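Peer 1: Got a structure here, written out as structure tokens. Questions coming.
The values are calculated or read from the model by the stated rules, or taken from the named source; none is laboratory data. Since the structure is predicted, the reported quantities are computational estimates derived from the model, not experimental observations. Glycine also receives a Cβ, built like all others from the backbone with ideal geometry; neighbour counts cover every protein chain displayed. The protein model used for the area step is the full one, side chains on, heavy atoms only, and it has no ligands, DNA or RNA in it. Shrake-Rupley method; radii C 1.70, N 1.55, O 1.52, S 1.80 Å.
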Amino acid sequence: FFFSNLSHPIMALSSQAYKSVQIEKFAQSVTKISPENQYWDSFRPKYEDKLHASVAFVRFAAKEPYDCITCSNYDVRIFRSGTFQCHKKLGFKKNPLSADIRGDNK
């Protein structure tokens, strides 16, 4: 098929004519160790995920100290923004769908 209304004719192929290409090797820049790669690999995350369930809801406080509140499974957890550590954990009998931090950060 040719589309002639464009400035350059384009040949369209059906999906049956397409064959996937198997990658034989990666580009040198991916496998090569460079000073820039070493610099970015030196960063480690400060936070370890110990929630044991998917996080369905996340909200950050609008005022300092900008704490974060998450809903995961039957728990609501409040994290300190400076340390990424869990400050408070609240358990519920039903799965909470959302949570909010008041204007006075409580």
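Peer 1: Among the numbered conditions (1) at positive phi; (2) open to solvent by 100 Å² or more (accessible area, probe 1.4 Å); (3) under 19 Å from the mean Cα position of the chain (by Cα), tell me where residue 84 comes up short.
Peer 2: Checking residue 84 against (1) at positive phi; (2) open to solvent by 100 Å² or more (accessible area, probe 1.4 Å); (3) under 19 Å from the mean Cα position of the chain (by Cα), the one that fails is (2).
Peer 1: Separate question: Quick one: in segment 30-59, of everything that is surrounded by 10 or more Cβ atoms within 10 Å (Cβ to Cβ) and within 16 Å of the chain's Cα centre (by Cα), which residue is modelled with the lowest pLDDT?
Peer 2: The extreme case among them is 51.
Peer 1: Give me the pairs, please: first residue somewhere in segment 54-66 and of a type in the set (S, T, N, Q), second residue anywhere and modelled with pLDDT under 90, beta-carbon distance under 6 Å, and either six or more positions apart or on two chains.
Peer 2: Matching pairs, first to second residue: none at all.
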